[in-house]
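The structure appears right after this line, and notes come after that.
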Amino acid sequence: MNRQSFSYGGNSYDYSVVHLPGKRSAIEIHVFPNGAIQVDAPADACGPEIKRAVLKRARWIERHVEESEKRLRHILPREYVSGESHYYLGRRYLLKVLPAEDGDQSVKLLRGRLQVTCRSKDAESVRALLDTWYRQRAASIFHDRLGAVCETVLWLKERPSIKLLSMKKQWGSCSTSGRVILNPSLVKAPKECIDYVIVHEICHLKEHNHSPRFYRELDQLMPNWRSVKGRLDGMAEAILAR
């Protein structure tokens, strides 16, 4: 991955270039929720070719960067009130907070909204309900994704167990006993990003540090991991906002 920049409309924009082995399709440009710009390119794409593709979509990039900055100003810091943006599996939902007139509290996904019904509409109560819901969804989805990933790892003798642990700066880790530890907030990211973190930690079962052998194993299991990691990094600020 390398960093480049371009100017448009009186502003300068930095972007990261990720060359993907095996990629045959056109150059793809992404603007992440934090405003970061990433360009996924075939391994043989040259610098001038990539720059032309970026400049061709400069206006689109500018618009999406501005939209990302506006959303960040809106969600940071969170107040847990109706109208805020919250993520689940990579999709952005608007929060709707309703009073629990019958006393029953719940969190539901309804028509593009994340609806929280609670007895008290104060921020801590809404946050507690959301945290519990996210954790329950994380336990189920991580279990399913771990199973799918393990089927692709031929050297893995047995399926590792999962532990959920809230972390401020890490998506996951691997214990010395072979347990995969995942941040429940990761369930707010796309499934591809969840798979990347699981694959990363499974590789640590074989290579316990970030040695060249570790990255060779990661490349073999998930050739496009650099692009997916960039996507996850670009969502981190919005996903981990409290």
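The values are calculated or read from the model by the stated rules, or taken from the named source; none is laboratory data. Just so we're clear, the structure is a prediction, and the values are computed from it rather than from any experiment. Quick reminder, even Gly has a Cβ in these numbers, built from the backbone with ideal geometry, and neighbours come from all protein chains shown. These accessible areas exclude ligands, DNA and RNA; they are computed on the full protein's heavy atoms, side chains included. Shrake-Rupley method; radii C 1.70, N 1.55, O 1.52, S 1.80 Å.
Observations, loosely collected:
For (1) part of a helix (DSSP H, G or I); (2) touching a residue at least 24 places away in the same chain (Cβ under 8 Å); (3) buried (at least 16 other Cβ atoms within 10 Å of the Cβ), each residue gets a yes or a no:
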position: CYS193; (1), (2), (3): yes, yes, yes
position: HIS210; (1), (2), (3): no, no, no
position: TYR215; (1), (2), (3): yes, no, no
position: SER227; (1), (2), (3): yes, yes, yes
position: MET235; (1), (2), (3): yes, yes, yes
position: ILE239; (1), (2), (3): yes, yes, yes
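- Among the candidates LEU89, LEU95, LEU55, the residue that is open to solvent by 40 Å² or more (accessible area, probe 1.4 Å), closer than 30 Å to VAL197 by Cα and of a type in the set (A, V, I, L, M, F, W, C) is uniquely LEU89.
- Looking only at region 94-117, residues that are closer than 22 Å to PRO184 by Cα and of a type outside the set (A, V, I, L, M) come to 8 in all.
A quick yes/no check of all residues on (1) over 12 Å from ARG231 (Cβ atoms); (2) surrounded by fewer than 17 Cβ atoms within 10 Å (Cβ to Cβ); (3) modelled with pLDDT of 85 or more:
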| site | (1), (2), (3) |
| --- | --- |
| SER7 | yes, yes, yes |
| TYR13 | yes, no, yes |
| GLN38 | no, no, yes |
| GLY47 | yes, yes, yes |
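- Residue in region 154-172 that is in contact (Cβ under 8 Å) with a residue 40 or more places away in the chain, open to solvent by 20 Å² or more (accessible area, probe 1.4 Å) and over 18 Å from ALA241 (Cα atoms) present: yes
- Set side by side, the residues SER82, SER68, SER120 differ, and just one is modelled with pLDDT under 95, of a type in the set (S, T, N, Q) and within 30 Å of PHE6 (Cα to Cα), which is SER68.
- Within region 15-27, the residues that satisfy the criterion of being of a type outside the set (Ser, Thr, Tyr) and either surrounded by fewer than 15 Cβ atoms within 10 Å (Cβ to Cβ) or outside the structural domain of ARG57 (by the TED database) (or both) are PRO21, GLY22, ARG24, ALA26.
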